[in-house]
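Peer 1: Just passing along the structure, written as structure tokens.
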Amino acid sequence: MIHRVIRSLLISFAAASTAYGADAAALWSGKVQPLLDVQCSKCHGLIEQKSGLQLDTPQSVMKGGDEGAVVIPGNPAKSRLYQYLAAGAETHMPPKKQLTDADREVVKEWIAAMTASAVEPTKKPLKSKHFDSVTQAIDALISEGWKERGIKPAAAADDRTWCRRVYLDLAGRIPTKTELDEFLSLPAKSRRSTLADHLLLSEEYAVHMRELWDVFLMGRGKRENHEDRRVKNGWWGFLETAFRTNRPWNETVRDILAARPDKLENQGASWFLYERRNDHQAIAEAVAPVVYGTKIDCAQCHDHPLAREIKQAHYWGLVAAFNRSKNVDGGSTVGESAVGGFVNFTNLKKESQPAIVSLLTGRTLDEIRPEAEQKEEDKDDKYIDPAAKIRVPKISRREGFADLATHDNPLLARAFVNRMWAALMGRGIVHPADEMNARNAPSHPELLEWLGKDFAAHQYDVRRVVRGIVLSRPYGLAASAKPPDSFACAQERPLSAEQLARSWRIAAGLPPVDDTLRRAAVAAFPDVLPKDYNATFQQAQFLTSSPGLAEILKPSPGSTAARLTLLRVESARVREAFLAAYSRSPDAAEAAQARDFLKERQAKPTEGVRDLLWALFTNAEFLTMP
């Protein structure tokens, strides 16, 4: 049984392969660059260039090395980059390792697709275009991409599928039968916008958005009772309030970074810093994806080995922004000294450099750095209220950085819209969603720039972005086999643990909230928006033997199992089971198979219904976004 569940999981979350054809630029970004990053960048990257050869961009590859050109465009057989990959090559690369035939074929295909004059696609200047709404901008700019790439988008999803999808994305669960019927009874032209507006104002929306951004900002947490501590110290309440009131995102982020709440509803903001227990490097690494849209972890010991714009100085400057901070025992307050925190870092050349608080945009926090022999004094006059229990510096480095990061910082807006796009569409405009750097080009740069500027221009209005995406044509497409970065079809994506737990209960005819089942599901399905999904034995075991899942399949009063058991005709049981689980009727083959399944268990109809529901609840169709 477990083997069958594992197979279902693997089918559910298998990544779609991208058809790159003979497009050299697409081959480079989609296949060749990732391959060279893994196999070659250590010796031929930004940090080290053995034999004078650098393989991080098409231009550097074409430049060649000390021994001349390594690529002859259009001619793999005469290109040393490809020749050296052969098993019997006199000069073999990578040393002590043999690439697979498939990997070698990728390099061969790329070189064959190249021309001497077209190493990379010509980058069109981004035009400033006017659109009346977020939805209009998305539809127009994505459609341009389809036209340029010769891609025919998938058909539109039917209303039942769209309704299920938007409930999962905005309410964090599937709709009940009553909710689906109410949606289908609305006027066709306005039913989608009506439902989207209703859900965006619901309490479930605030909770679901908190669930997403709690994980994006904090991770699942490794310490025991981390959820209880986040609730107790107001972190969950702070996030829910921000989404419930549609608070401007830059204000929310500023409170998180400054960790100096001035209102009761903002008290939980400081937990973002507090939970990291004075680990200023961990704080910096958590802050970077929020304010820059990219991780900077790789720049701790040297400039980023793959993304040229991320320097070691950026990493240590971000650490310095918080290294005057210290947790205050007995709550979640993060104090801050008015002095100190001036540190140096050492680069690979053993040179010492001062850590200056600076953003990836180039803006820096102006500070007067003391001379090497000068000792700073922590005087009372450096604090707003010297007698306060928690003293606040008159000049706060942390607040200074918070202001820099949340005002006139285009990366903050782009980081949010890209992450939100990924959460709703299954993939970011820049993928992975938290690595928005020069190494990962946006699939639709004009759209990303427009969304970022529009988000900032409309006071970082979160609901405006979310509404615009879910009412767009790309969001409403059916699933199909199209290149994932084209957004020409719906992407299958795994449901989060919270979505699964609530949806199982809805399908079982029970109230959606049950913390026991949710916590058990989180332990088995901790990932949210993973770069690549790999089904685990732990997940299969959970689906097979979870006490919480077994409990909701019992025929308790009012449950789906009890209702189906009372039906005397197998075909009726099958139809109602499919409607409860998938919001649709079964097709002929499914209906026949399910009827036969129930007939084999006629002597024990309760067990038969239970097993049928279990099969539907643990199937690929239920575990993924439609």
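The values are calculated or read from the model by the stated rules, or taken from the named source; none is laboratory data. Bear in mind the structure is a predicted one, so any value in this text is a computation, not a measurement. No Cβ is skipped: glycine too gets one built from the backbone with ideal geometry, and neighbour counts run over all protein chains shown.
Here's the yes/no breakdown for (1) crowded, with 21+ Cβ neighbours inside 10 Å; (2) not in a loop (DSSP other than H, G, I, E, B):
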| site | (1), (2) |
| --- | --- |
| Phe401 | yes, yes |
| Ala405 | yes, yes |
| Arg419 | yes, yes |
| Pro432 | no, no |
| Ala456 | yes, yes |
| Arg467 | no, yes |
| Pro474 | yes, no |
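Peer 1: So, of the residues in segment 462-519 that are modelled with pLDDT of 95 or more and out of contact with any helix residue (DSSP H, G or I) (no Cβ under 9 Å at 6 or more places or on another chain), which turns out to be farthest from Ile151 (Cα to Cα)?
Peer 2: Checked segment 462-519; the qualifying residue farthest from Ile151 (Cα to Cα) is Leu477.
Peer 1: Next question. Of all residues in segment 383-400, how many are within 14 Å of Gly341 (Cβ to Cβ) and out of contact with any Asp or Glu (no Cβ under 9 Å at 6 or more places or on another chain)?
Peer 2: 0
Peer 1: Oh, and also: Does Asn266 fit the bill of being more than 20 Å from Trp236 (Cβ to Cβ) and either without any contact (Cβ under 8 Å) to a residue 60 or more places away in the chain or surrounded by 24 or more Cβ atoms within 10 Å (Cβ to Cβ) (or both)?
Peer 2: no
Peer 1: From Glu265, Glu240, grab the single residue that is acidic (Asp, Glu) and either at pLDDT 95 or above or outside any helix (DSSP H, G or I) (or both). It would help to see each step written out before you state the result.
Peer 2: Details: Glu265 fails: either at pLDDT 95 or above or outside any helix (DSSP H, G or I) (or both).
Exactly one of Glu265, Glu240 is acidic (Asp, Glu) and either at pLDDT 95 or above or outside any helix (DSSP H, G or I) (or both), namely Glu240.
Peer 1: Return the residues of segment 219-236 that are buried (at least 18 other Cβ atoms within 10 Å of the Cβ) and of a type outside the set (D, E, K, R); say none if nothing qualifies.
Peer 2: Asn233, Gly234, Trp235, Trp236
Peer 1: Let me ask something else about it. Counting residues that are polar (S, T, N, Q) and touching a residue at least 40 places away in the same chain (Cβ under 8 Å), which helices (runs of 4 or more DSSP H) fully inside segment 489-569 reach at least 1? Working first, answer last.
Peer 2: Numbers: elements: 497-507, 515-524, 537-545, 547-552, 560-566.
Qualifying helices (runs of 4 or more DSSP H): 497-507, 537-545, 560-566.
Peer 1: Being of a type in the set (Phe, Trp, Tyr), at pLDDT 95 or above and buried (at least 20 other Cβ atoms within 10 Å of the Cβ), is that true of even one residue in segment 567-582?
Peer 2: Start the filter on segment 567-582 by keeping residues that are of a type in the set (Phe, Trp, Tyr), which leaves 578, 582.
The next check asks that each one be at pLDDT 95 or above; those that pass are 578, 582.
Within this subset, residues satisfying the condition of being buried (at least 20 other Cβ atoms within 10 Å of the Cβ) are 578, 582.
Taking every residue of segment 567-582 in turn, at least one turns out to be of a type in the set (Phe, Trp, Tyr), at pLDDT 95 or above and buried (at least 20 other Cβ atoms within 10 Å of the Cβ).
Peer 1: If you don't mind, there's one more thing I want to ask. Checking the structure you have, find out if any residue of segment 522-533 is crowded, with 20+ Cβ neighbours inside 10 Å and more than 30 Å from Pro555 (Cα to Cα).
Peer 2: yes
Peer 1: Limited to segment 69-94, what total is found for residues that are free of Cβ contacts under 8 Å to residues at least 40 places away in the same chain and either of a type in the set (D, E, K, R) or over 22 Å from Ala24 (Cα atoms) (or both)? Give the derivation first.
Peer 2: Initially, segment 69-94 is screened for residues free of Cβ contacts under 8 Å to residues at least 40 places away in the same chain, giving 69-70, 72, 75-92.
Filter again for either of a type in the set (D, E, K, R) or over 22 Å from Ala24 (Cα atoms) (or both), leaving 78, 80, 87-92.
The total comes to 8.
Peer 1: Then there's this: What tally of residues in segment 152-194 results from selecting those that are free of Cβ contacts under 8 Å to residues at least 24 places away in the same chain and touching a helix residue (DSSP H, G or I) at 6+ places or on another chain (Cβ under 6 Å)?
Peer 2: So the answer is 1.
Peer 1: Quickly run through segment 65-81 and pick out the residues that are under 24 Å from Asn440 (Cα atoms) and either of a type in the set (Ser, Thr, Tyr) or out of contact with any Leu (no Cβ under 7 Å at 6 or more places or on another chain) (or both).
Peer 2: Pro73, Leu81
Peer 1: Being within 22 Å of Ala488 (Cα to Cα), small (Gly, Ala, Ser) and surrounded by 18 or more Cβ atoms within 10 Å (Cβ to Cβ) narrows it down to one of Ala196, Ala206, Ala155, Ala171, so name that one.
Peer 2: Details: Ala206 fails: within 22 Å of Ala488 (Cα to Cα); Ala155 fails: surrounded by 18 or more Cβ atoms within 10 Å (Cβ to Cβ); Ala171 fails: within 22 Å of Ala488 (Cα to Cα).
Going through Ala196, Ala206, Ala155, Ala171 in turn, the sole match is Ala196.
Peer 1: Hey, another quick one. So which strands (runs of 3 or more DSSP E) stay within segment 325-398 end to end and still have 1 or more residues that are of a type in the set (A, V, I, L, M, F, W, C) and buried (at least 18 other Cβ atoms within 10 Å of the Cβ)?
Peer 2: Working: elements: 325-327, 334-336, 344-346, 352-354.
It comes to 334-336, 344-346.
Peer 1: Let me ask something else about it. List pairs: first in segment 328-344 and more than 19 Å from Asn266 (Cβ to Cβ), second at pLDDT 90 or above and among the hydroxyl-bearing types (Ser, Thr, Tyr), Cβ under 9 Å, 6+ apart or cross-chain?
Peer 2: Ser337/Ser325; Ala338/Tyr383; Ala338/Ser396; Gly341/Ser325; Asn344/Ser352
Peer 1: Among the residues of segment 544-551, are any surrounded by 14 or more Cβ atoms within 10 Å (Cβ to Cβ), within 26 Å of Cys163 (Cα to Cα) and out of contact with any strand residue (DSSP E or B) (no Cβ under 9 Å at 6 or more places or on another chain)?
Peer 2: Applying the first criterion (surrounded by 14 or more Cβ atoms within 10 Å (Cβ to Cβ)) to segment 544-551 yields 544, 546, 548-549, 551.
Cutting the leftovers down to within 26 Å of Cys163 (Cα to Cα) gives us 549.
So of that shortlist, the ones also out of contact with any strand residue (DSSP E or B) (no Cβ under 9 Å at 6 or more places or on another chain) come out as 549.
Yes: segment 544-551 contains one or more residues that are surrounded by 14 or more Cβ atoms within 10 Å (Cβ to Cβ), within 26 Å of Cys163 (Cα to Cα) and out of contact with any strand residue (DSSP E or B) (no Cβ under 9 Å at 6 or more places or on another chain).
Peer 1: Considering each of Ile138, Ile174, Ile142 in turn, give the residue that is of a type in the set (A, V, I, L, M, F, W, C) and either in the same structural domain as Thr560 (by TED's automatic domain parsing) or outside any helix (DSSP H, G or I) (or both).
Peer 2: Values: Ile138 fails: either in the same structural domain as Thr560 (by TED's automatic domain parsing) or outside any helix (DSSP H, G or I) (or both); Ile142 fails: either in the same structural domain as Thr560 (by TED's automatic domain parsing) or outside any helix (DSSP H, G or I) (or both).
It is Ile174.
Peer 1: Name every residue in segment 114-135 that is surrounded by 15 or more Cβ atoms within 10 Å (Cβ to Cβ) and modelled with pLDDT of 85 or more, in order of residue number.
Peer 2: Once the filter is applied, which keeps residues that are surrounded by 15 or more Cβ atoms within 10 Å (Cβ to Cβ) and modelled with pLDDT of 85 or more, segment 114-135 yields Phe131, Val134, Thr135.
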